[in-house]
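Let me begin by presenting the structure, written as structure tokens, before commenting on it.
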Amino acid sequence: MIKAIVFDCFGVLVTEAWLPFKKKYFAGDAVLFEKASDAAKKANLGLISHNDFIKEAAKLAGISPDEVWAYISRNVPDKVLFEFIQELKKDYKIGFLSNIAGDYLNRMFTPEQIEVFDTIELSYESGFIKPEPRAYINISKKMGVDVSEAVMVDDQPRNIY
């Protein structure tokens, strides 16, 4: 029986900006694309700061850190989805699980939007990024449910566990 629904952030709760940025600046160069992906992974794991990630992406793209931040911070919350989550909350525990390089949720979401989540699990704090099974196990434990009792909503099929 499903007892919890866990939502991803980028591409689900808010628009996705990093993947289009990567495609725009690095799609023609496999080495740069991989270096940008590695920098994002390090930031998502909390191994480098979000600011260091922005600087590295800027260096790789040949633009300023301000330009990188302006591009990738264009995340718009899906208000209709948040209204639906409010309805789901009546019957399910609601989780938030994201590969994220820093805690800037307050910049993307209103306090009311953040409050809909019973549990928030951020990769840069836990050290586990999706699709690492421990990311799903951690949030399930924090929500008080077995991982088999939770459904993951993500825009990346590889992140569905």
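Output yes when any residue across region 27-41 is open to solvent by less than 40 Å² (accessible area, probe 1.4 Å), assigned to a helix (DSSP H, G or I) and touching a residue at least 60 places away in the same chain (Cβ under 8 Å), and no when none is.
Among the residues of region 27-41, at least one is open to solvent by less than 40 Å² (accessible area, probe 1.4 Å), assigned to a helix (DSSP H, G or I) and touching a residue at least 60 places away in the same chain (Cβ under 8 Å), which makes the answer yes.
Under the condition of being in a loop (DSSP other than H, G, I, E, B) and among the hydroxyl-bearing types (Ser, Thr, Tyr), which residue from region 64-75 is modelled with the highest pLDDT?
Step one: filter region 64-75 for residues in a loop (DSSP other than H, G, I, E, B), giving 64, 73-75.
With among the hydroxyl-bearing types (Ser, Thr, Tyr) added as a condition, the list becomes 64, 73.
Values: Ser64: 98, Ser73: 88.
In this case the residue turns out to be Ser64.
Please specify each residue of region 8-26 satisfying the condition of being touching a strand residue (DSSP E or B) at 6+ places or on another chain (Cβ under 9 Å), in a loop (DSSP other than H, G, I, E, B) and over 19 Å from Ser126 (Cα atoms).
Filtering region 8-26 for residues touching a strand residue (DSSP E or B) at 6+ places or on another chain (Cβ under 9 Å) gives 8-10, 12-19.
If we keep only those that are in a loop (DSSP other than H, G, I, E, B) too, we end up with 8-9, 12-13, 15-17.
Hits for region 8-26 are Val12, Leu13, Thr15, Glu16, Ala17.
So which residues in region 7-26 are out of contact with any Ser or Thr (no Cβ under 9 Å at 6 or more places or on another chain) and open to solvent by less than 10 Å² (accessible area, probe 1.4 Å)?
Val14, Phe21
I need the strands (runs of 3 or more DSSP E) fully contained in region 76-161, keeping only those with at least 3 residues that are within 15 Å of the chain's Cα centre (by Cα) and surrounded by 15 or more Cβ atoms within 10 Å (Cβ to Cβ).
Passing ranges, in order: 93-98, 119-122.
Which pairs turn up if I take residues in region 44-63 that are charged (D, E, K, R) and look for partners that are part of a helix (DSSP H, G or I) and surrounded by 18 or more Cβ atoms within 10 Å (Cβ to Cβ) with beta carbon separation below 7 Å, at least 6 apart in sequence or on another chain?
Going by the 7 Å Cβ cut-off, the qualifying pairs are Glu56/Ala39.
Count, please, the residues in region 1-39 that happen to be β-branched (Val, Ile, Thr) and touching a helix residue (DSSP H, G or I) at 6+ places or on another chain (Cβ under 7 Å).
Residues that pass the stated criteria total 4.
The values are calculated or read from the model by the stated rules, or taken from the named source; none is laboratory data. It should be emphasised that the depicted structure is a prediction, and the values quoted were computed from it without experimental measurement. Reconstructed Cβ throughout: ideal geometry from the backbone, glycine too, with neighbour counts over all protein chains shown. Keep in mind that these areas ignore ligands, DNA and RNA; they rest on the heavy atoms of the full protein, side chains included. Shrake-Rupley method; radii C 1.70, N 1.55, O 1.52, S 1.80 Å.
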